[in-house]
Amino acid sequence: MLTGVFQLVPRGLFGPVFSREIRVVSRLSSSFWVRAFYALGLAALASLVYFVATADIRFSNHGNASAVQELQMFAPILGAFFVWFQFVIMSFVASTLTAGAICDERRKGSIASLLATPLTPAQIVLGKFSGRLVQLIILIAAGIPLLLAVRIFGGISPGFVLSATLITISTALLHASIAMAASARARSSTTAASSGFAMGVLWCFTPMILTLLLAIGSNGPRTFALLPFSPYFSLGIETAASLGDFNPSFFSSNGWLYAIAYNAAGCTLFLCLAVSRLRKIALGGDVELPAKKPRKRTGPLTNPDSSQGTIPGVHPAARTASAALTVWDNPLTWRELRQRVFIRRWHAWAVAIAAALLLSYIYSETGIHEAGVFFPVSAIVLALFYFQSALIAANSIAGERESRSLEVLLTTPLTARAIVRAKWIGALRRVCPVAILYFAIAICFGIVPGTFHWALFPHLLLIALPPVAFLIATGVWFSVIARRSTVAATLNLGLGLAIWVVFPLVSLAIGSILMQISPGSISEEAAVFIAVWNPAPMVVTAIQGATFGPWDVIRMDGYHTFFKFSFWSFSLTTVGFAVGYALLTWGVLQLAARSLAQRTNRVA
Amino acid sequence: MIATQNLTKRFGSLVALDNLTLEIGPGEIFGFIGPNGAGKSTTMKVLACLLKQDSGEAFVCGKNTKKDADAIRRLVGYMPDFLGVYDDLTVDEYLQFFAAAFSVPRSRRRSVIDQVLELTDLTEKKQAMVDSLSRGMQQRLGVARVLIHEPQVLLLDEPASGLDPRARIEMRSLLIELRKMGKSLMVSSHILSELAEMCTSIGIVERGKLLYAGSIQDAYAKVRSAALDVNDGSTSAAPRERIVVVLHPSSPSADSIAIGLRNDARIASVTIDSATSLAIDLQVSESDGHAFATDLLLANGARIHSIAPAEINLEDAFLKLTTGAIH
């Protein structure tokens, strides 16, 4: 057995598959651009946080000792920001890096030649895993000098740098291994990436969920022992400890090692699953992607164009089938709208029941009228909604290109605009289940029990949906310009983060600096104008404003959170918000159509 | 139906098409031959309006691919070398999809689909999922798809690749049938014997340059003539022919007969293939070649088992034209 392991590790980790992966990555100029941009981006963000945090020091007349002290206080903030930024980005990038490892080979038909070599499935999986993760390790390593540089200001321990880096690496490896296992089953790399990422998040949350489940029937948690296994919890505790805010007695100083062990166990498990699946592919000769089963027809086959009559000489049963014209005159929209959201119908039911049970449990513990619970639940579902929207559209055109059906589609006289519009509508339809879940939560746990005013529903409709439509449009556009769907998905997710997380932070930071330099140089209206385009504060304002109370209070002062709006001015703002995003969506779709037309020699 | 003038397309530093000029008439089956990477698929993609040329012009049914791309798409049926199919559709839905995409009126859609399914022998598979079909059936489905909007011109890139012999024969019959229906076909293939059987004309392309375009018979004549020119260094334009003689086992050896033959002025050259086989290049017209050659052989004591003109096939023509033997 030991001999087998000794053979597996060098030939797997650093064997021919690894060499090939490294060669391929090293030939791509995009690899170098990504590294350079990532390092520059980190440096830019760190600089910005530094300027904001030290603006007060530089523009005030405190003494040197005081300045040094304030810089020491700033270091943990920068460290925490930097660590979490890298943690989130790397978790997703890891999923996208390995998502195409096996399914792309199956799609291209090259896996058969790989399986025909004396390499074992384990060596192939390990080689692909290690080869693709070199890029990831380089990206994470690019951040370490910056994190260590923060230490110059003091206030951040080497232990925090070490623990945070190792938790980030282990979580990234976990996500990569799950995406690898998903790649052995999925039909497309985007599916593998998104399901890999979602599974990874679930894996990381599992210790926290188990702790919650174990608490059923008791007044408080029965045990905290499972919590350190969650990388999110461990990193949170480590960050809090570095900020000096929180140091719970039940969490030992080396508790983060549990999270790393848990991630390592998950990584091993999912790599074994990937190997097992690849072995099954090899033994079963199942090297090509499996054919889809025909979907069950739910109704009789009917001819919408019944004036055509019957076809003579055809068996009645065949005649019914023959007479059925199911495809619309706009065929691409028809096809997009019938794409499955869930592979199996019971998957949809399972997700719905799980969500209902979880929410029922949460509200049974807190009480149905607890308005405070709605904030995190709404935030999580909204984040999931946006995340799914960012990914789903990225597969539209690039997915067709990868499955080599785009060329055939482009031989038709369909205009670029018709193609783009159909893809956009199809992606919108596929995010419907999460949208339904989001609004069902708002209605069932907010409006019906009377926790929130009914006005929350139209406000949420106007705030939550238009950015999704916009994000899907940008996804389609990236899908046109990017060669691979995973690249399009990463770009789209990056754009979403940039405009709704980074841009507001940068705006606030710049505003803060300008205010320090010259108080009163920026009006409050300008700050509101910048923030109002962000769905997060708008949703918070809508929920806060609709918290039930006397109508006069809601009408006059309910919407005083980030902004100072009355009910009617906020309602008007949400309409403006929706119209603004609708116009942006329209513009991006035009851009996508133009890009597609230019690339495919057709009428826009 | 199809014409290109100085068509040039570059991918970075690679010249995929280099001033390619060709013409294909109505009702022709034009076999497009060339090594891998010669520019066949690029030419077809330019004609199908999927690629824009860097310079030169391409016309389909008199319409310019640069200016009338939308109109050309309705006139052309293009089948790529790799058929990427929508794996979530049945055969029927797949064809309905493309019928709708080509704006085939609803009133005609059903009958057109039934017709193309019958023509491609896929009626039985109507309700099967597209990706459950065998490779041969998928190729036939590809042909069915390109016929759905009744195009005048078909561009078929390697339609027989990956097919078994039976499927290839069926595909060939199908293409001949399509030609009978009045369609012009441009077919690229590596199986040259098949092209020879169905094509009315061929084009041989290498490194983006068109080496030959014309009828197959002209190609053979060119190759035959060039082969003799190469052998004797002659530049004579006189008609030439190569005959192959198989001697009876009781005949004197090929060597001794060859000595006598070489003394005759009408013989350009004699090649001894084996002890009982000779290849004779005659420097005379085809009409009287056989008669005098037989007399000459008998006069030199040969006992003939068989005598026939040397076969030149498309493979020979292709090899000679693409290896630079003929300019």
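Values quoted throughout were computed directly from the atomic coordinates according to the rules given, and no laboratory measurement underlies them. If you're wondering where the values come from, they're calculated on a predicted model, not measured in any experiment. FYI the Cβ positions are ideal-geometry reconstructions off the backbone, even for glycines, and counts take in every protein chain you see.
Overview of results
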read-out: Within straight-line cross-link reach of B:Lys40, aspartates and glutamates at Cα separation under 14 Å, skipping those fewer than 8 residues along the same chain; value: B:Asp18, B:Asp81, B:Asp157, B:Glu158, B:Glu206
read-out: Added length on full extension, which subtracts the Cα-Cα distance from 0.36 nm per residue, A:Ala383 to A:Trp328; value: 16.4 nm
read-out: Which of B:Arg262, B:Arg242 has the fewest Cβ neighbours within 10 Å, and the rest in rising order; value: B:Arg262, B:Arg242
read-out: Spacing of the two label points (7 Å from each Cα toward its C-beta) at A:Ile138 and B:Asp264, in nm; value: 7.5 nm
read-out: Cβ-placed point charges (K, R +1; D, E -1), dipole of chain B about Cα centre in debye, nearest 20; value: 1040 debye
read-out: Among B:Val153, B:Leu192, B:Val130 the positive-end extreme of the charge dipole of the stretch B:125-210 (Cβ point charges); value: B:Val130
read-out: Exposure proxy order (Cβ contacts within 10 Å, fewest to most) of B:Glu28, A:Glu238, B:Glu311; value: B:Glu311, B:Glu28, A:Glu238
read-out: Integer Hz, Karplus 6.51/-1.76/1.60 couplings in order for the stretch A:478-483, x for Gly and Pro; value: 4, 5, 6, 8, 8, 6
read-out: Helix-only CD estimate at 222 nm, as mean residue ellipticity for chain B, using -39500 (n - 2.57) per DSSP H run (n ≥ 4); value: -11500 deg cm²/dmol
read-out: Surface/4 of the Cα convex hull for chain B, nm²; value: 20.3 nm²
read-out: Contour minus Cα-Cα distance for A:Arg483 and A:Phe375 (0.36 nm per residue); value: 35.0 nm
read-out: Gap separating the Cα centres of the stretch A:249-282 and the stretch A:174-204, nearest whole Å; value: 14 Å
read-out: Local net charge near B:Ala308, Cβ-Cβ under 12 Å (Lys/Arg +1, Asp/Glu -1); value: -1
read-out: Residue order, fewest to most beta carbons within 10 Å, for A:Thr165, B:Thr21; value: B:Thr21, A:Thr165
read-out: P(r) of the stretch A:460-547 over all Cα-Cα pairs, binned every 5 Å from zero, in whole percent; value: 3, 13, 17, 18, 16, 14, 10, 6, 3, 0
read-out: Three-way shape label, the stretch B:29-101, alpha-carbon gyration tensor, a/c 1.5; value: oblate
read-out: Distance (nanometres) between label positions extended 7 Å along Cα→Cβ at A:Leu358 and B:Asp273; value: 7.8 nm
read-out: The stretch B:164-188-the stretch A:325-395 distance, computed between alpha-carbon centres (Å); value: 50 Å
read-out: Listed residues B:Leu156, B:Leu50, B:Leu297, most fluctuating in chain B (Gaussian network, C-alpha, under 10 Å); value: B:Leu297
read-out: Summed side-chain charge close to B:Ile257 - residues other than B:Ile257 whose Cβ falls under 12 Å, Lys, Arg +1, Asp, Glu -1; value: 0
